[in-house]
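What follows is a short report on a single structure.
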Amino acid sequence: ARQKAEDVLEEALKQDAVFAQLARDNSDGPSGPRGGDLGFFQEGVMTPKFNDFAFGNPVGHIGLVETEFGFHIVKVDEKRDLVQLATLTRDIQPSDETINALFTDATKFEMTAVDSDKSLSEVAQENDYVVRPVNRLNAMDENLPGLGAQRRIVQWAFSEDTELGDIRRFDVNNGYAVVQLTATYKKGLMDVEDASVTVLPILRKKKKAEKIKAENAGKSMSEIAAAYATTVSNATALTVKSPTIPGAGREPLIVGTAFSMEVGKTSSLISGESGVFMFEVTNKEEAPALDNYVTYANNLQASNAARVTNSLVEALKEKADIEDNRSVFY
């Protein structure tokens, strides 16, 4: 066995030798069919003599190793540095000193904000604290942006004892929050200042649409596209049930108008949800006839029944005189 191993080693050391082919022709081990390839392995995995040869010689070295399993012709093909990764998890708890210092800072800030003639935002900026405005809070809300579930703060804001401008400190996760009630809104019509936030975007949208229509009156689609340095787009597979136009979003008026027109007709300039549209109906496909409409009718009936039930409940709510006091107890 040794003589054969030495003969194979002599062949392997020749310059034109193909080590993988020698392994296939001479090895009786499980790695023979793979050309003797053992892949990568860590130090200490193989039997000691084999291990010492593999890790004690440079890449490219070929030699004969005798182990308890027999004779091995070993070639070191490649080495890689071993990288060991470990994940360390440690739960860090604040000390009593840190907790007391945090409480003292929060209390001092609260007292300063209450006594100061400046706004809470100004006092916060002077102390390098972050101000997080919360707009239009409802009585049954629970979560506050950045703070998570803070029902106690919401209850305080809607309490009859809390007045406009009041400031209070609350315990929150991992710290404290100093809160100020800056505005209240009563039921009924909005005042002009509050309503303008909602109305102005609507009016601007309307004015923009009127201007676009006036500037492009009498023009074709290609002329309008050229004026705005764009191209005419195609919208396919539109349905009345889902009136969504690719790239424009939900446009029920535009899609509905298109379905009312004949093929080959071009629309006028129409104001939609996201812009002003002009379109040509290039094709219409009739819905395929069904052999049996019972299933469709049953689905439609179930859908309408659920809608009627919900509408009925909402109608009863509108007619009833309900005073919602859940926020007082929850």
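The values are calculated or read from the model by the stated rules, or taken from the named source; none is laboratory data. Fair warning: this is a prediction, and the values are worked out from it, not measured in the lab. Here Cβ is always computed from backbone atoms with ideal geometry, including for glycine, and neighbour counts include all displayed protein chains.
Here are a few things to note about the model shown:
- Looking only at segment 79-104, and only at residues there that are in a loop (DSSP other than H, G, I, E, B) and hydroxyl-bearing (Ser, Thr, Tyr), the one that is surrounded by the most Cβ atoms within 10 Å (Cβ to Cβ): Ser95
- Within segment 103-122, tally of residues that are over 22 Å from Asn174 (Cα atoms) and either among the charged types (D, E, K, R) or under 35 Å from the mean Cα position of the chain (by Cα) (or both): 4
- Here the condition is being in a helix (DSSP H, G or I) and surrounded by fewer than 10 Cβ atoms within 10 Å (Cβ to Cβ); of Thr230, Thr257, Thr236, Thr295, it holds for Thr295 alone.
- Candidate set from segment 18-28 (those that are surrounded by fewer than 14 Cβ atoms within 10 Å (Cβ to Cβ) and outside any helix (DSSP H, G or I)); member that is modelled with the highest pLDDT: Val18
Conditions tested, residue by residue: (1) outside the structural domain of Pro201 (by TED's automatic domain parsing); (2) surrounded by 10 or more Cβ atoms within 10 Å (Cβ to Cβ).
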position	(1), (2)
Pro243	no, yes
Glu262	no, no
Thr266	no, yes
Ile270	no, yes
Glu286	yes, no
Ala302	yes, yes
Asp324	yes, no
